[in-house]
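Here's the structure we're looking at; comments come further down.
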Amino acid sequence: MKRLAFTLLELVFVIIVIGILAVLAMPNFSSNPLQQAAMQVAEHIRYTQHLAMVDDKFDQTDPTWWQKRWQMRFPHTTINGIKVYYYEVFSDDNKAGNSNLNEEAVDPLTGQTIGDGVTAVATIPDTSLVNLTKRFGVTSVTGTCVLGGAYRTIAFDNLGRPYLDVYTDIYSNVVPAGGCTIVLNHPDGTATITVQEETGLVSISYP
């Protein structure tokens, strides 16, 4: 009799082979802390954009409503004589210029807050998800996305467009042509995360 289909055993075998090949083809970031840090930061930038798009902060009764937009910034603090770089994702609902615990986003995978996890005081713990220095060995964070005024942030509007500042004007600080960069500096080298204008597209390069 002529057979017109695969058997279940053959299908299972093909799926197993494809799974093995996919695992072998995947890049291994587990042994490279700089790549781990860059991937995590890029994912949280995309998550910040997602939050901004689903949580539109427009309020016609509030003349400075845009200051509440979802944003990401990279503070640093000194703990036990060591300069610690970290980041936080938050919606500044009280427009105080800092992230309070109830304003910070929660990572959907780990359940940890994406920030220092306290109220307005930077005492970022060694085990924190966003502690770039302790978790990944990042020695500093530079780049055009994060340098500037005291409150320079990467923020997004409800259309996913990126801005460099949410405290000056509603539309004055859109990311310029060519995008802006976040550079993670590490003893092993640097990772440059670029956020493109208009779309907010995120990419990583390792010079």
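Any idea which of Thr194, Thr153 is surrounded by 19 or more Cβ atoms within 10 Å (Cβ to Cβ), touching a Lys or Arg at 6+ places or on another chain (Cβ under 8 Å) and at negative phi? Steps first, please.
Details: Thr194 fails: touching a Lys or Arg at 6+ places or on another chain (Cβ under 8 Å).
Step by step, each of Thr194, Thr153 is checked, and only Thr153 is surrounded by 19 or more Cβ atoms within 10 Å (Cβ to Cβ), touching a Lys or Arg at 6+ places or on another chain (Cβ under 8 Å) and at negative phi.
Among the candidates Val166, Val84, single out the residue that is more than 15 Å from the chain's Cα centre (by Cα), surrounded by 13 or more Cβ atoms within 10 Å (Cβ to Cβ) and either farther than 23 Å from Leu34 by Cα or without any contact (Cβ under 8 Å) to a residue 24 or more places away in the chain (or both).
Details: Val84 fails: either farther than 23 Å from Leu34 by Cα or without any contact (Cβ under 8 Å) to a residue 24 or more places away in the chain (or both).
Only one candidate passes the filter, namely Val166.
Tell me, yes or no, whether the range 17-34 has at least one residue that is modelled with pLDDT of 90 or more and of a type in the set (A, V, I, L, M, F, W, C). So that I can check it myself, show each step before the final result.
Step one: list which residues in the range 17-34 are modelled with pLDDT of 90 or more, which gives 32-34.
Now narrow it down to the ones that are of a type in the set (A, V, I, L, M, F, W, C): 34.
Yes, the range 17-34 contains a residue that is modelled with pLDDT of 90 or more and of a type in the set (A, V, I, L, M, F, W, C).
Looking at Pro108, Pro125, which one is more than 17 Å from the chain's Cα centre (by Cα), in a loop (DSSP other than H, G, I, E, B) and under 22 Å from Glu43 (Cβ atoms)? Outline the logic, then answer.
On the way: Pro108 fails: more than 17 Å from the chain's Cα centre (by Cα).
Checking each option against the conditions leaves just Pro125.
Quick one: Phe90 ticks every box in (1) within 19 Å of Asp165 (Cα to Cα); (2) surrounded by fewer than 22 Cβ atoms within 10 Å (Cβ to Cβ) except a single one, so which number is it?
Going through the list (1) within 19 Å of Asp165 (Cα to Cα); (2) surrounded by fewer than 22 Cβ atoms within 10 Å (Cβ to Cβ), Phe90 breaks only (2).
Can you go through Asn173, Asn158, Asn131 and tell me which one is out of contact with any His (no Cβ under 8 Å at 6 or more places or on another chain) and either among the hydrophobic types (A, V, I, L, M, F, W, C) or within 30 Å of Ser31 (Cβ to Cβ) (or both)? Before the answer, list the steps.
Working: Asn173 fails: either among the hydrophobic types (A, V, I, L, M, F, W, C) or within 30 Å of Ser31 (Cβ to Cβ) (or both); Asn158 fails: either among the hydrophobic types (A, V, I, L, M, F, W, C) or within 30 Å of Ser31 (Cβ to Cβ) (or both).
Criteria check complete, one pass: Asn131.
Select from the range 136-186 the residues that are in a strand (DSSP E or B) and either acidic (Asp, Glu) or farther than 25 Å from Lys95 by Cβ (or both) and list them in ascending order. Let's see the steps before the verdict.
We begin by selecting, within the range 136-186, every residue in a strand (DSSP E or B); these are 140-142, 154-156, 162-163, 174, 180-186.
Once the filter is applied, which keeps residues that are in a strand (DSSP E or B) and either acidic (Asp, Glu) or farther than 25 Å from Lys95 by Cβ (or both), the range 136-186 yields Ser140, Thr142, Thr181, Val183, Leu184, Asn185, His186.
Do we have any residue at all in the range 59-82 that's closer than 18 Å to Leu129 by Cα, assigned to a loop (DSSP other than H, G, I, E, B) and of a type outside the set (Val, Ile, Thr)?
yes
Just to be sure before I move on: is Phe136 touching an Asp or Glu at 6+ places or on another chain (Cβ under 9 Å) and among the aromatic types (Phe, Trp, Tyr) in the structure I sent? Give the steps one after another, and end with the answer.
Numbers: touching an Asp or Glu at 6+ places or on another chain (Cβ under 9 Å): no; among the aromatic types (Phe, Trp, Tyr): yes.
Criteria not met by Phe136.
Would you please name the residue that is farthest from Ile182 (Cα to Cα), looking only at residues in the range 43-70 that are among the charged types (D, E, K, R) and surrounded by 12 or more Cβ atoms within 10 Å (Cβ to Cβ)?
Start the filter on the range 43-70 by keeping residues that are among the charged types (D, E, K, R), which leaves 43, 46, 55-57, 59, 62, 68-69.
Next cut, surrounded by 12 or more Cβ atoms within 10 Å (Cβ to Cβ) only: 43, 46, 55-57, 62, 68-69.
On the way: Glu43: 13, Arg46: 14, Asp55: 25, Asp56: 25, Lys57: 25, Asp62: 31, Lys68: 22, Arg69: 20 Å.
My answer is Asp62.
The values are calculated or read from the model by the stated rules, or taken from the named source; none is laboratory data. This structure is a prediction, so every number in the text was calculated from the model and none was measured. Backbone-built Cβ (ideal geometry, glycine too); neighbour counts: all protein chains shown.
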